[in-house]
Amino acid sequence: MSSDLERLRRSAKLLKKSYARGDADALRRVKTVVPELKELLHADFLHVVAVEQGHESWPKLKLALETAGMTRADRAKRLRAALYNGQAWVIEKLLAADPGLAHFDLAVELALCDLEAVEARIVADPSLATTEIHGRTPLVHLCFSKYHKFGDVPPDRILAIADLLRNNGADANESYPEPAGSGHRVSVLYGALGHAGNMPLAEWLLEHGAHPDDNESLYHSVELDHLDGLRLLCRYGVSPSGTNALHRALDFDRIEAVRILLEHGADPNEGIEHHPGGQLPLTFTSLHQAARRGRSGMFAELLLDFGADASRLWSGHSAYEMACLYGNTDFARVLAARGHATSLSPAVAVLAECAGGGTPSASVSGMALSEEVRRLAIDIAGRPGELPYLKALMAAGLDPAAANEMGVTALQAATWAGLADQVAFLLSLDPDLSHRNMYGGDVMGTVIHGAEFAPKMAGAKHVTCARLLLEAGAVFPQGAADGTGNEEMAAFLSEWREGHSAGHVSS
């Protein structure tokens, strides 16, 4: 494999040199694959070579060569990871090269939702229904598989597998430690609902006794692009108390999700006491959250109607002052109309001028700043179309290196959201590219994770952000191309590694 890959790498380099000289054959080869000629990158020449070898892209060619050199057990491990992460292109290639890999073990068959194969194994040995495989029970492998999203598997076949496992001892409340060896466990309900988005399987789990209050599922249900999971959990009596689901719902401009939570007992005055992912405790109320997340005045009306207390302070600020600080004039207008306007501190008054890119009348350097004020740029950096506001905040004296309670900087917030223009501006301020947040992620880890999991925003360009970061000197994340479920990001990382690594970094 190594010699074949090296030969193809050299072929791409030679093609690049020939193309630069204007060689007619090189021009023909490139134009055949890249009809719209442009300023080509090394990755484009790798792509041409891959297509000539019969593959859709360089990552797919590389995967074929790499897996050819693996043991069968290693290829099966790679397949299980792809099924968990939803890497359709990896699954397709692995199974096309070795169709028998689909029956390597029970874990693979479960993740592929292969009813007949699973049934044959369980009938032969019923104890397999509850025996851990690679550290996870069979029901975990089924519930965390994303194969149903693209594998054209009828829901009734998946539910038949679940029935088979349950009839042989599986428990709808099973879980596994995440990370491995930790005391924090994630349930199969979260796997089906929040991780894999498999609503029929999530409903089956609840019907068969899964506890909806698993400290994960409700919080993540509001991140889905539909309300089915949220409504399902509410139908089974989930308690919003202590879940932070209301605060998370206010991160999105979907008022119906907020209404559902409030109607099912969410307390609009409850602060964040803990977080399923381990974030540090916070105490701002839903009004503060809605104000700082740019929600409209309709959200203010709804929260007030459900008893939100506008007199509560967070970091010394009222919800009205918070709305002014974040340039949320519609929210502030509703609060004022309901009699909840308050005076602005000197720092807030200056920074409120920055909203929309206004020129600050003074610098906040030397002023007494609350933690919320210090971290304002971090929230703004993660919002699309806010480059003028972000520039104004920096001009007003905010520190671009400030981090929030999760250790996230403005640059990390912008990379997570895929906002290339804001990333470019923040890079011009010479940030620390090695900074890690409380999860251990640096800027490259953040942009890779964001490409797959960040809420989809119009104009998000995670690959462009990744390129800007690497060009600025960010450390290339070895192995990252294998772990992302975003094929575009996987292709970029693989091709960048080929074109920029001295001696070629091994994956």
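Figures for the structure shown
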quantity	calculated
Inter-site label distance for A97 and D399 at 7 Å from Cα along Cβ, in nm	4.9 nm
For H55, distant residues with modelled amide H under 5 Å away	none
Theoretical FRET efficiency, 1/(1+(r/R0)^6), r = Cβ-Cβ of A368 and L429, R0 30 Å, to 0.05	0.80
Distant-in-sequence amide H partners of R185 (H built 1.01 Å from N, under 5 Å)	E178
Value of [θ]222 nm, deg cm²/dmol, for the chain, DSSP H segments ≥ 4, -39500 (n - 2.57) each, nearest 500	-14500 deg cm²/dmol
FRET efficiency for R157 and Q53, using Cβ-Cβ distance with R0 set to 45 Å, rounded to 0.05	0.80
Ranked packing of 284-291, 322-329, most packed first, by mean Cβ within 10 Å	284-291, 322-329
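Read the figures in this text as sums done on the coordinates, not as results from a lab. It should be emphasised that the depicted structure is a prediction, and the values quoted were computed from it without experimental measurement. In this analysis, Cβ positions are derived from the backbone assuming ideal geometry, glycine residues included, and neighbour counts consider all displayed protein chains.
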